[in-house]
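The values are calculated or read from the model by the stated rules, or taken from the named source; none is laboratory data. Keep in mind the model is a prediction, meaning the values are calculated, not measured. In this analysis, Cβ positions are derived from the backbone assuming ideal geometry, glycine residues included, and neighbour counts consider all displayed protein chains. Heavy atoms of the whole protein, side chains included, go into the accessibility calculation; ligands, DNA and RNA do not. Shrake-Rupley method; radii C 1.70, N 1.55, O 1.52, S 1.80 Å.
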Amino acid sequence: MPSPCFRSLPVIIAILIAAPVFGSIMGGNSLEIDFTKPDDAKLKSTWSDTIDISPQGLGWDSSPASARNGWIQTSPLATGLSWRPASSVTARVMIEPDSQPIQLASGQTSTPWIGSVFARYSPDRKNWSSWQALTPAYSTDGTPTTKRIFTALLSVPDREQKEYRALISAYSQLDVEWKSDEEAAVKWILKKDPRFFERSLPFVGYVEFLFEASFYGSQRITSFKSSVSYGIGGMASVPKDPKNKRNQDFSPWRFQAP
């Protein structure tokens, strides 16, 4: 599958280029899927065979009171930096349109359930965490809303990071081009232990989203907007070669398992 296009959010850097460097880095990334553009949507997501896509969106055509269960899964969304992944991210999803009222055969109206959104994370796009539920938005009085807005904090337990941090520390003691390059360190770790990520998921390199709902006839989903934001430590060394600008690369995490 071709790589989908993502939009990186602005990255804020605090005191980042000196050696050693102290500060913090805040940033994020987003993935927007327009289901009224079928070719673009197919690059960025997959969906169940109970629904189909058209210029009107993703769903199926029938009586509005008829429903089919279905799902949408996004392509992986990278987070963190290419040389320093995040250990936690704040995830947000907004799906449009809102849940629309339907008229039942009895003449009464009912507003369908907005559905559920789940997220999972991976260091390498091969080994994934379990799916975790996002929290739906509520109205100001605390009652459920028809808006399909969901949020969650995805965070790796400190215990799960312990072995990885020890290996990163060991890598920084080697005679390498740049001691703070965790992408290079990950390759070094996997050369020594190819199955490391099979038993440990120590950071959030990528996030995928899964939406499950009852799709009502002729009520098609038109857009799926997801974003992740993060904060990571900015302490870093400087590469040996002054021409190596790796520490100024603010593109998201890019390592993928072979």
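Give me the distance in nm between label points sitting 7 Å out from Cα along the Cα-to-Cβ direction at Phe250 and Leu43, one decimal. Placing both labels 7 Å along Cα→Cβ, they lie 2.5 nm apart. Under the criterion of Cα pairs below 8 Å and six or more residues apart, the relative contact order for the stretch 25-92 equals 32 percent. Values of log10 I(q)/I(0) for the stretch 163-258 across q = 0.13, 0.19, 0.20, 0.22 Å⁻¹ run -0.62, -1.06, -1.15, -1.33, by the Debye formula with one identical scatterer at each alpha carbon and no solvent.
Under the criterion of Cα pairs below 8 Å and six or more residues apart, the relative contact order for the stretch 134-217 equals 25 percent. Rounded to whole numbers, the Karplus 3J(HN,Hα) couplings from phi for the stretch 28-41 are x, 8, 9, 9, 10, 10, 9, 7, 8, 10, x, 4, 5, 4 Hz, using 6.51 cos²θ - 1.76 cosθ + 1.60 with θ = phi - 60°, and x at Gly and Pro. For the chain, modelled as a GNM whose springs connect Cα atoms under 10 angstrom apart, the maximal fluctuation among Leu153, Leu104, Leu58 occurs at Leu104.
Ser63 contributes about 60 Å² of solvent-accessible surface, heavy atoms of the protein only, 1.4 Å probe.
With angles folded into 0 to 90 degrees, how steeply does helix 158-172 sit against the dominant principal axis of the chain? Use alpha carbons for both and round to 10. So the helix axis and the longest Cα principal axis differ by about 40 degrees. For the chain, the carbon plus sulfur part of the accessible surface works out to 53%, probe radius 1.4 Å. Listed by chain and number, the lysines whose alpha-carbon sits under 28 Å from that of Lys225, ignoring those within fewer than 8 places in the same chain, are Lys37, Lys42, Lys44, Lys126, Lys147. As a length-normalised measure over Cα pairs under 8 Å and 6 or more apart, the relative contact order of the chain settles at 36 percent. Considering only Arg195, Arg92, Arg220, the mean-square fluctuation computed in a Gaussian network model of the chain, springs between alpha carbons under 10 angstrom, is largest for Arg195. Just so you know, the averaged projected area of the alpha carbon convex hull for the stretch 70-219 sits at 11.6 nm². Spatial offset of the stretch 151-214 relative to the stretch 96-115 amounts to 44 Å, using the alpha carbon center of each. Per residue, the chain exposes an accessible area of 51 Å² to a 1.4 Å probe, with every protein chain left in place.
Helical content alone sets the calculated 222 nm signal of the chain at -4000 deg cm²/dmol, taking -39,500 (n - 2.57) per DSSP H segment of four or more residues and averaging over every residue. Listed by chain and number, the aspartates and glutamates whose alpha-carbon sits under 13 Å from that of Lys191, ignoring those within fewer than 8 places in the same chain, are Glu183.
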